[in-house]
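Peer 1: Handing you this structure, nothing more for now.
The values are calculated or read from the model by the stated rules, or taken from the named source; none is laboratory data. Just so you know, these numbers come straight off a predicted model, no measurement behind them. Reconstructed Cβ throughout: ideal geometry from the backbone, glycine too, with neighbour counts over all protein chains shown.
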Amino acid sequence: MVPTLEKPSKADTPKSVSTWTGEAREHAVQRMFTAIAGFYDLNNSLLSFGLHHHWKKRAMQYVASVQGGRALDLGAGTGDLAILLDQHGGQTGQVVAADLNEAMLRVGLGKIQEKGLGDRISCFQMNAEHLTFQDNTFDTVTAGFCIRNVGNRSQAFTEIRRVLKPGGRFVCLEFSQPTTAVLRALYDFYSFKLLPWVGTVVARDGTGVYEYLPASIRTFPDQERLRELLLKAGFQQVDYHNLSGGIVAIHIAVK
Ligand SMILES: C[S@@+](CC[C@H](N)C(=O)[O-])C[C@H]1O[C@@H](n2cnc3c(N)ncnc32)[C@H](O)[C@@H]1O
């Protein structure tokens, strides 16, 4: 369990958090997600114009259906991907929804129980950098918009590879780099001008999350660099597909 967290302070969550590592980053990320958990789903839908549902369904196209299979969703947050994953394991399949943040996971657990999936999807609080599962446990690992927040990504990738069965797939859905100059310019305006304005003026945000979000996207490896990091972590084959002109990319890494 995480200790009870104090109210987030602006000083703890500047946009520079995206470049921090170690405990300081983990605590800042924890504070942000604790603060936004209650309205994460609504904000996500508003800020992505509902596109996140489409991106998540697209990610599922790269998940192999394994009857009675075991799947892990990392950074599961409010549970959308874990719930979609449930359809890939059949009646006897098992899904684990794991997240660093208790508040996000509690919202996810509520949605899972509401859908009557409590016996097939279990929730665990844990850090992607230190997975507590045995080697070769899962047929599939997914991560939706999580890896960008992880301090030591190489370690997380090594851990993900370790808990996957040989031949198992890691499907990583994450913000990436738009592929055309026009789209990049529009996206930069939206991210660095509009979003912080919405955050401060409209949402009266005190967490700094609307500044952290674009900064964390800007400092995240692009499609090719992420592919290289995954190969370096020992995955045998890594492919990726751009969505919405590269605003989002899905990487599929095979152990
Ligand atoms: C942007 S949310 C995405 C939630 C959900 N996957 C979705 O797509 O809607 C990122 C989630 O990753 C979690 N997270 C951040 N760092 C993490 C880490 N090191 N290990 C596990 N989860 C982490 C956060 O707590 C948060 O719930």
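Peer 1: Only one of these is touching a Phe, Trp or Tyr at 6+ places or on another chain (Cβ under 8 Å), more than 15 Å from the ligand (Cβ to nearest atom) and either β-branched (Val, Ile, Thr) or at positive phi (or both): Val238, Val141, Val198, Val248. Name it.
Peer 2: Val198
Peer 1: Continuing with this model, one more query. Residues that are within 21 Å of the chain's Cα centre (by Cα), over 30 Å from Lys165 (Cα atoms), of a type in the set (S, T, N, Q) and surrounded by 14 or more Cβ atoms within 10 Å (Cβ to Cβ): does region 210-218 have at least one?
Peer 2: Within region 210-218, one or more residues are within 21 Å of the chain's Cα centre (by Cα), over 30 Å from Lys165 (Cα atoms), of a type in the set (S, T, N, Q) and surrounded by 14 or more Cβ atoms within 10 Å (Cβ to Cβ).
Peer 1: To continue, here is another question. For Pro214, only one of the following conditions fails: (1) within 25 Å of Leu84 (Cα to Cα); (2) within 16 Å of the ligand (Cβ to nearest atom); (3) of a type outside the set (D, E, K, R). What is its number?
Peer 2: (1)
Peer 1: Among the residues of region 135-145, is any modelled with pLDDT of 95 or more, over 19 Å from Gln236 (Cα atoms) and among the charged types (D, E, K, R)?
Peer 2: Scanning region 135-145 turns up no residue that is modelled with pLDDT of 95 or more, over 19 Å from Gln236 (Cα atoms) and among the charged types (D, E, K, R).
Peer 1: Here's something else I'd like to know. Got a sec? Which helices (runs of 4 or more DSSP H) wholly within region 21-106 have at least 3 residues that are within 9 Å of the ligand (Cβ to nearest atom) and in contact with a strand residue (DSSP E or B) (Cβ under 9 Å, 6 or more places away or on another chain)?
Peer 2: By residue number, 51-60, 80-85.
Rundown of residues vs (1) among the acidic types (Asp, Glu); (2) in contact with a helix residue (DSSP H, G or I) (Cβ under 8 Å, 6 or more places away or on another chain), yes/no style:
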position	(1), (2)
Leu186	no, no
Ser191	no, yes
Val201	no, no
Asp205	yes, yes
Tyr210	no, yes
Thr219	no, yes
Gln223	no, yes
Leu230	no, yes
Gly234	no, yes
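Peer 1: For Lys165, all conditions in the list (1) assigned to a helix (DSSP H, G or I); (2) in contact with a strand residue (DSSP E or B) (Cβ under 7 Å, 6 or more places away or on another chain) hold save one; what is the number of the exception?
Peer 2: (1)
Peer 1: Another question, then. If we scan region 183-195, do we find a residue that is out of contact with any Cys (no Cβ under 6 Å at 6 or more places or on another chain) and modelled with pLDDT of 95 or more? Outline the logic, then answer.
Peer 2: The first filter runs over region 183-195 and keeps only residues out of contact with any Cys (no Cβ under 6 Å at 6 or more places or on another chain), leaving 183-195.
Then drop every residue that is not modelled with pLDDT of 95 or more, which leaves none.
Within region 183-195 (the criterion being out of contact with any Cys (no Cβ under 6 Å at 6 or more places or on another chain) and modelled with pLDDT of 95 or more), the answer is no, since none of the residues qualifies.
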